[in-house]
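> What follows is a single structure, and I will ask about it in a moment.
The values are calculated or read from the model by the stated rules, or taken from the named source; none is laboratory data. From a predicted model like this one, the values you see are computed outputs, not experimental measurements. A quick note on method: Cβ atoms are made from the backbone with ideal geometry, for glycine too, and the neighbour counts reach across all protein chains shown.
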Ligand code: F6R
């Protein structure tokens, strides 16, 4: 667990770890997240690419999740977010970037297709953010969790949190396709980044509380190689 005084230090540290993974492997596979937390990290990766420090040509990426039912090109799709914040600014070939297809006519077979691809190309480094309720990806607190990629109903609290990106709450999708906790835990290394005082309590619960499906991020305690990067606000209940 590392706690940073400055946001930009967290961003650079995370980007350095990602770049290190990219340089070490012949065919590196990155697991990526969306949301507000990774934006600075992606900026820093872009800077490192522009300065010639790294090329992403050999990288394959798998995103954690995608909304169901938003048409391709919609500004709130995670595919759009990834283009906007990362892919269009670096030299990664489009054919090596994967997200679940939330417009697939058969969502169940789309989930199986995604898991089959992940089985063939296991993730070396998985970047994660943390939801206020302990969710990772769209694995929401529940008495049961699903291991593989699946269609997940979004909790009302998560829809409300994401409503800031839409014109009306009704426009926020009610379902998403998400990698399951089992798929996430298969990554060789996990990089969990969290910012803000509003996440301090859930950071403490996830990292030091009981391992329970009611806090999906607590399952990260069972993984041998998790790096947690926090700003001072998010880490304040740990100190
Ligand atoms: C995004 C994702 C979500 C977010 C989480 C935190 O792909 O899977 O689990 O990581 O909701 O979001 P932010 O960073 O916006 O606080």
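> Which condition breaks for residue 161 when tested against (1) free of Cβ contacts under 8 Å to residues at least 40 places away in the same chain; (2) within 15 Å of the chain's Cα centre (by Cα)?
Just one mismatch for residue 161, condition (2).
> Output yes when any residue across the stretch 115-126 is within 28 Å of residue 221 (Cβ to Cβ), in contact with a strand residue (DSSP E or B) (Cβ under 8 Å, 6 or more places away or on another chain), part of a helix (DSSP H, G or I) and within 14 Å of the ligand (Cβ to nearest atom), and no when none is.
Checked against the condition, which is being within 28 Å of residue 221 (Cβ to Cβ), in contact with a strand residue (DSSP E or B) (Cβ under 8 Å, 6 or more places away or on another chain), part of a helix (DSSP H, G or I) and within 14 Å of the ligand (Cβ to nearest atom), the stretch 115-126 yields no hits at all.
> If you go through the stretch 143-152 one residue at a time, do you hit one that is under 28 Å from residue 6 (Cα atoms), within 15 Å of the ligand (Cβ to nearest atom) and part of a strand (DSSP E or B)?
no
> Please tell me if residue 176 is part of a strand (DSSP E or B), under 25 Å from residue 107 (Cβ atoms) and either touching a residue at least 24 places away in the same chain (Cβ under 8 Å) or within 16 Å of the ligand (Cβ to nearest atom) (or both).
yes
> Yes or no: residue 195 within 11 Å of the ligand (Cβ to nearest atom) and modelled with pLDDT of 95 or more?
yes
> Let me ask another. Of everything in the stretch 222-239, what is closer than 23 Å to residue 41 by Cβ and in a helix (DSSP H, G or I)? Give them in sequence order.
If the condition is that a residue be closer than 23 Å to residue 41 by Cβ and in a helix (DSSP H, G or I), then no residue fits.
> Give the number of residues within the stretch 102-114 that are within 16 Å of the ligand (Cβ to nearest atom) and out of contact with any strand residue (DSSP E or B) (no Cβ under 7 Å at 6 or more places or on another chain).
1
Let's see how each residue does on (1) out of contact with any strand residue (DSSP E or B) (no Cβ under 6 Å at 6 or more places or on another chain); (2) under 26 Å from residue 148 (Cβ atoms); (3) surrounded by 15 or more Cβ atoms within 10 Å (Cβ to Cβ):
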{"position": "34", "(1), (2), (3)": "yes, yes, yes"}
{"position": "41", "(1), (2), (3)": "yes, no, yes"}
{"position": "46", "(1), (2), (3)": "yes, no, yes"}
{"position": "54", "(1), (2), (3)": "yes, no, yes"}
{"position": "66", "(1), (2), (3)": "no, yes, yes"}
{"position": "72", "(1), (2), (3)": "yes, yes, no"}
